[in-house]
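Q: The following block contains the structure, expressed as structure tokens.
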Amino acid sequence: MKNIRVVFGFIICVSIAFSCAMPKAVSLNKAEVLPPSFQKSLDSNSIATLSKKLFFPDPALQELIDTAIQFNADIQIAVQRIAAAKAGFGMAQGITKPSLDAIVSTGVDKFGDYTMNGLGNYDMNLSPNIRKDQQIPLNMPDLFVGFRSSWEADIWGKLSNQKKAAYSKYLATEQARRWATTQVVSQVAGLYYELLALDKELEILENNIKLQENAVEIVKVQKAGGRATELAVQQFNAQLLGTKSMLNVMQQRITATQNMLGAISGKYDFTIKRGKPITELAVPEDIQIGVPAQLLVNRPDIREAELLLEAAGAELEASRKAFLPSLNISAYTALNSFKSSVLFSPQSLTYGLLGGLVTPVLSKNMLKGNYQLASANQQQAFETYRKHIIYAYHEVQTELSGIEQYKKIYQLKVQETKGLQAAVAASNDLYLGGLATYLEVVTAQRGVLEAELEQINSKKTVFLYLIDLYRSLGGGWN
């Protein structure tokens, strides 16, 4: 017994000596990547906290969004990733628990005449202490019916860190699904407003074509009466043809936008309903964005990056603790016999227990490689987390500026359009009175057409920036 204690103590000393090569713990300060404004603790409302049904009150748009969320391929892929990560977490939960296997096995051994087992079994059969039913056959079967169990005690927390990493990855996949939903919602809403704008632009072009067709007829009559030249007729006609070609371009853009909406919504044949025209939609006045620190809570991609950083940190810690000895315990209980006739007798009951410390010695290079890989993965996850925060911060700033600038542009375009419409009316009257040239009329008509189209585009751009702001603040998944 004394010798056993000496050997066991020696093994422990060797294990501790080899474990001294374990790398030091690494810690990262996530607060280092945050701008000072993120440290504010004041509460403030944010449009990101609004549900998509409140933020997008248009029933037609709500129906589009619901369809896209149900059938969009990216969201469905994200759902399957959640299922895969959940299965991985379930597997990781088992690593801290003992395993138990039910075993039914059989085998046969033929020992040579010049082997210890062969000679020993032969000699044993001649012993007067061995009953006939206990004699070992020359071809010895081995029948085993029972249970085996093994368990690695988590004495250093290595297994707990592996489980924590798997759980963080599982939570990250849920955030990835939310971010995919947010992206789909913003894409659908953006394309919907694009479609409303194109519908209105198509209407403007059709109205202008009617006016220009009327102008062509008037100038033809004037030419017949000697009051206009062929050049004037050709100029008015060329303007009409140019506007008609713009109409074809607009129709193609509408088709392309509808098809893109269908693709995002996961549909083939897809009828897209429209709500109110874009001209009847009010441009938002006050926009609440909350404090910058709310981005860390609201934006799913930032939460995903943070959880993946936590997972990488847990994996790094697990790889660091792999340098330490592991305590492994195995046990079994079974009915074990070399004869089937006595296999289920009480005398065939057998059991065993074995425990020991396992310390890596010649596998240090592999452990160092695993640690270096985990360290690089953690640094990569940290930089990804930092990147998401920086991009989110600047996206919000850009979109806030865009909303303000294009609201001003829209108001200016409204005034410009009114002025040019008055100029067209005046140029037509002056032309009919012989006080203006046909070039002045053509120029005025071209100017009002461009201004009307730009007015619709500027209003659409305000809504697109607003949708992007809603996405950038983390809204759309709830």
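The values are calculated or read from the model by the stated rules, or taken from the named source; none is laboratory data. Keep in mind the model is a prediction, meaning the values are calculated, not measured. Neighbour counts are summed over all protein chains in view; Cβ atoms, including those assigned to glycine, are modelled from backbone coordinates with ideal geometry.
Q: Of all residues in region 348-392 being small (Gly, Ala, Ser) and without any contact (Cβ under 8 Å) to a residue 12 or more places away in the chain, which is nearest to residue 134 (Cα to Cα)? Quick ask: steps written out before the conclusion?
A: Pass one, region 348-392, residues small (Gly, Ala, Ser): 348, 352, 355-356, 363, 369, 374-376, 381, 392.
Restricting the remaining residues to those that are without any contact (Cβ under 8 Å) to a residue 12 or more places away in the chain gives 363, 369, 376.
Values: 363: 46, 369: 54, 376: 62 Å.
Across region 348-392, the extreme among qualifying residues is 363.
Q: Filter region 54-83 down to residues that are surrounded by 12 or more Cβ atoms within 10 Å (Cβ to Cβ) and under 18 Å from residue 283 (Cα atoms), then give me how many there are.
A: 4
Q: Another question, then. Given (1) under 25 Å from residue 151 (Cβ atoms); (2) touching a strand residue (DSSP E or B) at 6+ places or on another chain (Cβ under 9 Å); (3) exposed (fewer than 13 other Cβ atoms within 10 Å of the Cβ), identify the lone condition not met by residue 344.
A: (1)
Q: Same structure again: Keeping to region 169-192, report how many residues are farther than 16 Å from residue 49 by Cα, among the charged types (D, E, K, R) and within 9 Å of the chain's Cα centre (by Cα).
A: Summing the residues that are farther than 16 Å from residue 49 by Cα, among the charged types (D, E, K, R) and within 9 Å of the chain's Cα centre (by Cα) in region 169-192 gives 2.
Q: What number goes with the only condition from (1) assigned to a helix (DSSP H, G or I); (2) in contact (Cβ under 8 Å) with a residue 40 or more places away in the chain that residue 477 does not pass?
A: Only one criterion is unmet by residue 477, namely (1).
Q: Continuing with this model, one more query. Filter region 282-334 down to residues that are at pLDDT 90 or above and among the β-branched types (Val, Ile, Thr) and give me whichever is nearest to residue 369 (Cα to Cα).
A: If we take residues in region 282-334 being at pLDDT 90 or above and among the β-branched types (Val, Ile, Thr), then 329 is nearest to residue 369 (Cα to Cα).
Q: If you check residue 266 against the conditions, is it of a type in the set (Gly, Ala, Ser), surrounded by 13 or more Cβ atoms within 10 Å (Cβ to Cβ) and at pLDDT 90 or above? Even if it seems obvious, please write down each step before you answer.
A: On the way: of a type in the set (Gly, Ala, Ser): yes; surrounded by 13 or more Cβ atoms within 10 Å (Cβ to Cβ): yes; at pLDDT 90 or above: no.
Considered against the rule, which asks whether it is of a type in the set (Gly, Ala, Ser), surrounded by 13 or more Cβ atoms within 10 Å (Cβ to Cβ) and at pLDDT 90 or above, residue 266 comes out as no.
Q: In addition: Considering each residue of region 104-139, count those that are in contact with an Asp or Glu (Cβ under 8 Å, 6 or more places away or on another chain), of a type in the set (A, V, I, L, M) and at pLDDT below 75, and give that number.
A: Of the residues in that region, 1 qualify.
Q: Please count how many residues of region 246-269 are in contact (Cβ under 8 Å) with a residue 24 or more places away in the chain and part of a loop (DSSP other than H, G, I, E, B). Reasoning before the result, please.
A: Keep residues of region 246-269 that are in contact (Cβ under 8 Å) with a residue 24 or more places away in the chain, which gives 246-247, 250-251, 253-254, 257-258, 260-261, 264-267.
From the residues that got through so far, the ones that are part of a loop (DSSP other than H, G, I, E, B) too are 265-267.
Looking only at that region, the number is 3.
Let's see how each residue does on (1) assigned to a helix (DSSP H, G or I); (2) of a type in the set (Gly, Ala, Ser):
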position: 284; (1), (2): no, no
position: 330; (1), (2): no, yes
position: 352; (1), (2): no, yes
position: 375; (1), (2): yes, yes
position: 382; (1), (2): yes, no
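Q: Given the criterion of a type in the set (D, E, K, R), buried (at least 20 other Cβ atoms within 10 Å of the Cβ) and part of a helix (DSSP H, G or I), identify the matching residue among 440, 452, 416. Quick ask: steps written out before the conclusion?
A: Working: 440 fails: buried (at least 20 other Cβ atoms within 10 Å of the Cβ); 416 fails: buried (at least 20 other Cβ atoms within 10 Å of the Cβ).
Every option except 452 fails the conditions.
Q: Here is a further query. Could you say whether any residue in region 171-188 is of a type in the set (Val, Ile, Thr), closer than 30 Å to residue 96 by Cβ and part of a helix (DSSP H, G or I)? Give the steps one after another, and end with the answer.
A: Step one: of region 171-188, the residues of a type in the set (Val, Ile, Thr) are 173, 181-182, 184-185, 188.
Okay, now just the ones that are also closer than 30 Å to residue 96 by Cβ, so 173.
Narrowing further to those that are part of a helix (DSSP H, G or I): 173.
Scanning region 171-188 turns up at least one residue that is of a type in the set (Val, Ile, Thr), closer than 30 Å to residue 96 by Cβ and part of a helix (DSSP H, G or I).
Q: Among 402, 434, 352, 356, which is surrounded by fewer than 19 Cβ atoms within 10 Å (Cβ to Cβ) and either in contact with a Leu (Cβ under 7 Å, 6 or more places away or on another chain) or closer than 30 Å to residue 233 by Cα (or both)? Write out each step before concluding.
A: Working: 402 fails: either in contact with a Leu (Cβ under 7 Å, 6 or more places away or on another chain) or closer than 30 Å to residue 233 by Cα (or both); 352 fails: either in contact with a Leu (Cβ under 7 Å, 6 or more places away or on another chain) or closer than 30 Å to residue 233 by Cα (or both); 356 fails: either in contact with a Leu (Cβ under 7 Å, 6 or more places away or on another chain) or closer than 30 Å to residue 233 by Cα (or both).
Every option except 434 fails the conditions.
Q: State which residue pairs qualify: first residue within 17 Å of residue 91 (Cα to Cα) and at pLDDT 95 or above and inside region 152-180, second residue not in a helix (DSSP H, G or I) and not small (Gly, Ala, Ser) in any location, beta carbons under 8 Å apart, and separation of 6 or more residues or different chains.
A: none
Q: Picking from 238, 197, which residue would you name as being surrounded by 21 or more Cβ atoms within 10 Å (Cβ to Cβ) and among the small types (Gly, Ala, Ser)? Spell out how you get there, then give the answer.
A: On the way: 238 fails: surrounded by 21 or more Cβ atoms within 10 Å (Cβ to Cβ).
Every option except 197 fails the conditions.
Q: Which one of 364, 407 is surrounded by 14 or more Cβ atoms within 10 Å (Cβ to Cβ) and of a type in the set (Lys, Arg)?
A: Within the list 364, 407, the selection yields 407.
Q: Scan region 228-248 residue by residue and report those that are closer than 15 Å to residue 208 by Cα and touching a helix residue (DSSP H, G or I) at 6+ places or on another chain (Cβ under 9 Å).
A: Of region 228-248, the ones closer than 15 Å to residue 208 by Cα are 236-248.
Selection gives 236, 237, 238, 239, 240, 242, 243, 244, 246, 247.
Q: Then there is this: Assess whether residue 243 counts as being of a type in the set (Ser, Thr, Tyr) and touching a Leu at 6+ places or on another chain (Cβ under 9 Å). Break it down stepwise before answering.
A: Details: of a type in the set (Ser, Thr, Tyr): yes; touching a Leu at 6+ places or on another chain (Cβ under 9 Å): yes.
It is true that residue 243 is of a type in the set (Ser, Thr, Tyr) and touching a Leu at 6+ places or on another chain (Cβ under 9 Å).
Q: Using the structure shown, decide if residue 177 is within 30 Å of residue 465 (Cβ to Cβ), of a type in the set (D, E, K, R) and either surrounded by 20 or more Cβ atoms within 10 Å (Cβ to Cβ) or touching a Leu at 6+ places or on another chain (Cβ under 8 Å) (or both). Write out each step before concluding.
A: Working: within 30 Å of residue 465 (Cβ to Cβ): yes; of a type in the set (D, E, K, R): yes; either surrounded by 20 or more Cβ atoms within 10 Å (Cβ to Cβ) or touching a Leu at 6+ places or on another chain (Cβ under 8 Å) (or both): yes.
Yes, satisfied.
Q: Run residue 129 past the list (1) under 30 Å from residue 339 (Cβ atoms); (2) part of a strand (DSSP E or B) and report the number of the one that doesn't hold.
A: (2)
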